[in-house]
Amino acid sequence: MDRPTRFLRLLVGVTIVESFIHYADNTLRYDDYTIADPTFPGSLIKQWVIPASWVLFTAAGIIGYRRYRDGRRPEAAAWIGAYSTSGLISGLHYVDISPGDLSAFQNTFVFLDVVLGALLLGFALWTALVAPRAPAPAREPQVIDAS
């Protein structure tokens with residue numbers, strides 16, 4: 001396994017664990033992350049959406065990793081880019097509340113979510129723009145019947 005594939009496997013694995021902790025905390029302590037009269041973006045997130053979105057985002061990350069591992073770079077870039085949204089959206093916690101409204105634990109996991117999301121987005125962009133393509137499978141030579 002090459003270095004970028006190992007890095008992506010590690011990045012996706014760490015992100016799955018970190019996001020599970022953050023999304024579980026966000027679900028269990030939902031009231032800590034919300035206010036009574038949220039802005040429009042905040043009003044879209046209901047408690048049940050959090051674990052459901054974690055499952056969908058995580059599936060996208062695993063699919064993206066597998067596509068990358070299999071050499072399907074354009075598809076991998078799209079799936080990994082979609083997965084990066086899982087972390088990047090965590091910054092929206094601070095639209096309705098301030099960091100002082102959350103515990104150090106909660107702020108740490110919001111921060112880690114954003115950092116991991118940025119790393120995933122960077123990897124997706126690198127994959128789309130720079131990553132070497134997997135070699136095409138060898139073709140069988142064509143036999144032309146001249147009779």
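All of the numbers you see were taken from the coordinates with simple rules; none came from a lab. The structure displayed is predicted, hence computed values, not measured ones. Here the Cβ is made from the backbone with ideal geometry for all residues, glycine too, and neighbour counts use every protein chain on show.
Extension gain for residue 43-residue 130 works out to 27.5 nm (0.36 nm per residue, less the C-alpha to C-alpha distance). For segment 65-80, the Karplus equation 6.51 cos²θ - 1.76 cosθ + 1.60, evaluated at θ = phi - 60°, returns couplings of 4, 5, 5, 5, 4, 7, x, 8, 4, x, 5, 4, 4, 5, 5, 5 Hz by residue, with Gly and Pro reported as x. With the cut-off at under 19 Å, measuring from each backbone N in segment 31-46 to a point 7 Å along the Cα-to-Cβ line of residue 98 picks out 32-39.
Give, in nm to one decimal, the length gained when the segment between residue 108 and residue 53 is fully stretched (0.36 nm per residue of separation minus the Cα-Cα distance).
17.8 nm
If one puts a single equal scatterer on every Cα of the chain and applies the Debye formula without solvent, what log₁₀ I(q)/I(0) results at q = 0.14 Å⁻¹? The calculated log intensity ratios at q = 0.14 Å⁻¹ are -0.69. Note: relative contact order over the chain, using C-alpha pairs below 8 Å and six or more positions apart, is 28 percent. Across segment 96-106, coupling constants 3J(HN,Hα) worked out from phi with the 6.51/-1.76/1.60 Karplus curve, θ = phi - 60°, read 9, 10, 9, x, x, 7, 10, 6, 4, 4, 5 Hz, and Gly and Pro carry x. Phi angles of segment 20-36 translate, via the Karplus equation with coefficients 6.51, -1.76, 1.60 and θ = phi - 60°, into HN-Hα couplings of 4, 4, 5, 5, 5, 4, 4, 6, 6, 10, 3, 5, 5, 9, 10, 10, 5 Hz per residue; Gly and Pro are given as x. Protection proxy ranking for 82-89, 115-122, using the average of other Cβ atoms within 10 Å per residue and placing the highest first: 82-89, 115-122.
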